[in-house]
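Q: I am attaching a structure below and will ask some questions about it afterwards.
The values are calculated or read from the model by the stated rules, or taken from the named source; none is laboratory data. Since this is a predicted model, take the numbers as computed values, not measurements. Cβ placement follows ideal geometry from the backbone for every residue including glycine, while neighbour counts extend to all protein chains displayed.
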Amino acid sequence: MLRRPYDDAGGALPPRACHDRAMPSDRVGGPAGQSALDLLSVALRTRAATVAELASLAVRDEDGVRADLRLLAADGYVTVEGDRVRCTAPADVVAEVVRRRTAGLGAELVRELAELAAVVDRLPALAQEWGTAAAGQQVTEVEVFHGPEAVVDLWHVKQGREPSRRTDVVLPDASGLFVADRAMQEVWHAASRGEGRHARVIASVADATHPAAQDRIAEELAGGVQIRLMADPPSWFWVTDESTVALPLAWGERWPTSVISIRDRAVAGMAGWVFERMWERAVPIRNDGAGWHPLLALMSSGSTLEAAARALGISERTGRRRLSEAMSHYGVGSMLELGAAWATGRPR
């Protein structure tokens, strides 16, 4: 799998809510925000210039209209100056909302793991102290690798000692892996095949759609590697056999130059839990099924229609047709409404 021979120099939908919590009720798209979305539809359709005019056209009282306008203004959909109302182009606003909210969602998802990475930075010294004070006790195995090939060195050492049976990798930057090291690729694929074995990779949409990556992606899929995509994976890390986790010493690095490997089931268990949550939200690459859910899932994480369609192996025209089918299915007339409807009723 690993080698770095060189470095390679439409609109989005509102983001999905977390699986385990409801959308805040004071935000557009939440329970209280539905009336704001309805009001926004009226404002966009009629271009009402004042609060009074908008209230009249929406057949609502002005106080309620002003309350919803505050919600819409907070996300940038409208600007309110006194009694004057001005709408912003929805595509621009939705793209910014996606960027802001998905960034927050990703931060929440990996916050604990980022804190873990900071703690792990102290593990070598702590492990040494533990070994000195408790002779005969089992010491957590900790190794640190530095340099531009730190990830490669770690992989070689790990596989040389004990080939992995189950490997999960978050790979935000795969640009140096577009050309395979054939010997290591054979080892990587061998670890992906057979009962009880798997290799799963979460990659970025940008890498998945890069022309130079297409041959490598085809090879990995043919070799049994499972690949899913996120718009912007938060950091590199991997978990093997539910017992070992590798983390960057500087959390958030896309291809780290300093990594730490910890063989400890408790630590690996936490990293594994985070990976599973990310895997659930990621979308299988080149998913050419007829449904619109994979397309909407990628767009909800911030991808454009063009990028999402390419990642799924379909044409942009097919992507637009599936969006149209989704709008008909949910009975909505805009991308904004589709995002809200799909986030509520999407498959889990």
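Q: So T304 passes all but one of these: (1) modelled with pLDDT of 80 or more; (2) of a type outside the set (D, E, K, R); (3) surrounded by fewer than 21 Cβ atoms within 10 Å (Cβ to Cβ); (4) in contact with a Lys or Arg (Cβ under 8 Å, 6 or more places away or on another chain). Which condition number does it fail?
A: T304 satisfies every listed condition except (4).
Q: Now, a different point. Answer yes or no: is there a residue in region 175-184 that is exposed (fewer than 14 other Cβ atoms within 10 Å of the Cβ) and modelled with pLDDT of 55 or more. Spell out the reasoning first.
A: We begin by selecting, within region 175-184, every residue exposed (fewer than 14 other Cβ atoms within 10 Å of the Cβ); these are 182-183.
Retained after the next criterion (residues that are modelled with pLDDT of 55 or more): 182-183.
Yes: region 175-184 contains one or more residues that are exposed (fewer than 14 other Cβ atoms within 10 Å of the Cβ) and modelled with pLDDT of 55 or more.
Q: Only one of E143, E162 is under 29 Å from E220 (Cα atoms), surrounded by 15 or more Cβ atoms within 10 Å (Cβ to Cβ), modelled with pLDDT of 80 or more and out of contact with any His (no Cβ under 9 Å at 6 or more places or on another chain). Can you tell me which? Reasoning before the result, please.
A: Working: E162 fails: surrounded by 15 or more Cβ atoms within 10 Å (Cβ to Cβ).
After applying the criteria, what remains is E143.
Q: Residues L336, L298, L323: which one is over 26 Å from A203 (Cβ atoms) and either part of a helix (DSSP H, G or I) or among the aliphatic types (A, V, I, L, M) (or both)?
A: Numbers: L298 fails: over 26 Å from A203 (Cβ atoms); L323 fails: over 26 Å from A203 (Cβ atoms).
Matching residue, one of L336, L298, L323: L336.
Q: Only one of these conditions is not met by G313: (1) touching a Leu at 6+ places or on another chain (Cβ under 8 Å); (2) not in a helix (DSSP H, G or I). Which number is it?
A: (1)
Q: Right, something else. Could you list, in sequence order, all residues of region 61-80 that are assigned to a loop (DSSP other than H, G, I, E, B) and under 18 Å from E337 (Cβ atoms)? Spell out the reasoning first.
A: Within region 61-80, the first condition is being assigned to a loop (DSSP other than H, G, I, E, B), and the residues that meet it are 61, 75-77.
The answer is D75, G76, Y77.
Q: Being at pLDDT below 80 and polar (S, T, N, Q) is the requirement here; does S328 meet it? Walk me through how you get there before you give the answer.
A: Working: at pLDDT below 80: no; polar (S, T, N, Q): yes.
No.
Q: Based on what the data block shows, is G313 of a type in the set (G, A, S), in contact with a His (Cβ under 6 Å, 6 or more places away or on another chain) and modelled with pLDDT under 85?
A: On the way: of a type in the set (G, A, S): yes; in contact with a His (Cβ under 6 Å, 6 or more places away or on another chain): no; modelled with pLDDT under 85: yes.
Here the answer is no, as G313 does not meet what is asked.
Q: Still on this model: Determine if region 199-207 includes at least one residue that is more than 20 Å from S164 (Cα to Cα), of a type in the set (S, T, Y) and touching a Gly at 6+ places or on another chain (Cβ under 7 Å).
A: no
Q: For S56, are the conditions met, namely being touching a Ser or Thr at 6+ places or on another chain (Cβ under 8 Å), closer than 24 Å to V332 by Cα and assigned to a helix (DSSP H, G or I)?
A: Working: touching a Ser or Thr at 6+ places or on another chain (Cβ under 8 Å): no; closer than 24 Å to V332 by Cα: yes; assigned to a helix (DSSP H, G or I): yes.
No.
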